[in-house]
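Written out below as structure tokens is the structure these notes cover.
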Amino acid sequence: MDQIKNKIITISGEPVSGKSTVVKHIKSKYEEMGYNVHIISVGHTFRELVKKEYLKMYPDRGDANLGDIQTDPSFATQRNMIDQMVDSEVAKRGNEINSVERPNDVYIIDSRLAWSNVPESYAIRLIVNEKIAGDRVFKDRTRGKEDQYGSLEEAITKTRERKLAEISRYKKRYGVDLTNPDNYDLIVDTSYSISDELADIIIKGEEKYRSGEYYPKYWKSPALFLPSQKIGETLSTSPIGSNIEDIIESINKKGYNPNGEVEAVEQNGVSVLRDGHHRAIAALGAGKTLMPYFVEHKDDEFAKKYIDGDVRLQDIYDWEDCIRYYAKKGNIESLKDFNIRNVIDIDKVIRIQSKPDGDGR
């Protein structure tokens, strides 16, 4: 008998990566399609239990934020007990869901380890740039007291500490690396994404996953890459038989070509386009905040030499201007005042300032 595979989407994500918001959009879209949607928010349950148990131990620490609680060594035993309880419940729920076929139902589980506890699910991980994550927390006054900070710098620091504490805790507790891409079917950087667009990508990906068809695994904004070409030359030349306006029109009409990911290399957290500059620019012009990509070389000698030889400071700032222009053309509000320094640590490529054509801006 074939194993039952119902429509189960498991979403793991870094703090402030937008899980709750996109879940609402996914739910709405599936309901419009006629499905019964069931949301299981393990993250919410975990946070509530952690805060409750922590205040039992320390009733005078009502102002402690989640990051402080996560890193408090005196609370480690209680935290592990909560982990065990929550994980056991998720695995049990997954088995119950897949005990019979449920063709009219969709299950969305928000949990760090649901991809492991419910292995037949479509597993998603959402990530986000640290500066943007901190900015989101700092500006969002609807969050609980534990996520309220006195400055943007504090918000960035505490959010980063919370993320690193989670990664460390899961390595120690389960021997699992949450950052390992092999755990997931879809990985999306939500730094500049629109939740409605992200929901469409997830729903399409789940459909392809069930049918065994190929679907791109990695997605993020063109703004999160550096160029390896002079932008003036890029804009003045085009692939044979097309130009940027043609590509914009094609994306608007047909969406992305499933096999049309742009190619990148990565070194020390810096992503550089090796191929696909026209597609990246056209994506913005078409109003897309996310595009598919793949990484051919990461943290290896080729990537290092490629970045050393092909990334120039002037090109980075020309790219920044290009992103703003085409984002305006595509009505992407989140990128209208785009600042490359918000998402790329210029210090990581500061060596290029000494190149003859660098302007040191």
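Quick note: the coordinates plus some simple rules give every number you see, no bench work behind them. All values reported here derive from a predicted model rather than from experimental measurement. Methodologically, a virtual Cβ is constructed for each residue, glycine included, from the backbone with ideal geometry; neighbour enumeration extends over all protein chains shown.
Normalised by 2.2 N^0.38 Å, with N the number of residues, the alpha-carbon radius of gyration of region 1-90 equals 1.39. Over all projection directions, the Cα-based convex hull of region 7-211 averages an area of 11.5 nm². What you get for the chain, charging only the Cβ of Lys and Arg (+1) and of Asp and Glu (-1), is a dipole of about 700 debye around the Cα centre. Sorted largest first, the principal axis extents computed over the alpha-carbon atoms of the chain equal 62, 51, 38 Å. Taken about its Cα centre, region 7-211 carries a charge dipole of about 320 debye when Lys and Arg each add +1 at the Cβ and Asp and Glu each add -1 at the Cβ. Shown is the FRET efficiency for LYS139 and LYS24, computed with R0 = 22 Å from the Cβ-Cβ distance and rounded to the nearest 0.05: 0.70. Seen from all directions on average, region 173-283 presents a Cα convex hull projection of 9.2 nm².
The ranking of THR289, THR21 from fewest to most other beta carbons within 10 Å of each one's beta carbon is THR21, THR289.
Between GLU301 and ASP275, full extension at 0.36 nm per residue minus the direct alpha carbon distance yields a gain of 7.5 nm. Multiplying the residue separation of LYS172 and ASN80 by 0.36 nm and subtracting their alpha-carbon distance yields 32.1 nm.
Working from label points 7 Å from Cα in the Cα-to-Cβ sense, the ASN252 to VAL100 distance is 4.9 nm.
In degrees, nearest 10, range 0 to 90: what is the angle between the Cα axis of helix 301-310 and the longest Cα principal axis of the chain? Around 50 degrees separate the two axes. What you get for region 1-118, charging only the Cβ of Lys and Arg (+1) and of Asp and Glu (-1), is a dipole of about 140 debye around the Cα centre. Can you tell me the orientation of helix 130-139 relative to the chain, as the angle in degrees between its alpha-carbon axis and the longest Cα principal axis, to the nearest 10? Value to nearest ten degrees: 60. Out of ILE340, ALA114, SER236, whose Cα points farthest toward the positive end of the dipole of the chain (charges: +1 Lys, Arg; -1 Asp, Glu; placed on Cβ)? Among ILE340, ALA114, SER236, the one farthest towards the positive end of the dipole of the chain is ALA114.
For the chain, the longest principal axis of the alpha carbon atoms and the long axis of helix 313-329 meet at an angle near 70°. Taking label positions 7 Å along the Cα-Cβ direction at both LYS5 and TYR317, the computed distance is 5.1 nm, reported to one decimal.
Each Lys or Arg adds one and each Asp or Glu takes one away; over the other residues whose Cβ falls under 11 Å from the Cβ of ALA223, this sums to 0. Report summary: the helix-based calculation at 222 nm, which adds -39500 (n - 2.57) for every DSSP H run with n ≥ 4 and divides by the residues of the chain, gives -14500 deg cm²/dmol. Each of THR289, LEU164, GLY150 was scored by the projection of its Cα onto the charge dipole of the chain, and the greatest displacement toward the positive side belongs to GLY150; charges sit on the C-beta of Lys, Arg, Asp and Glu.
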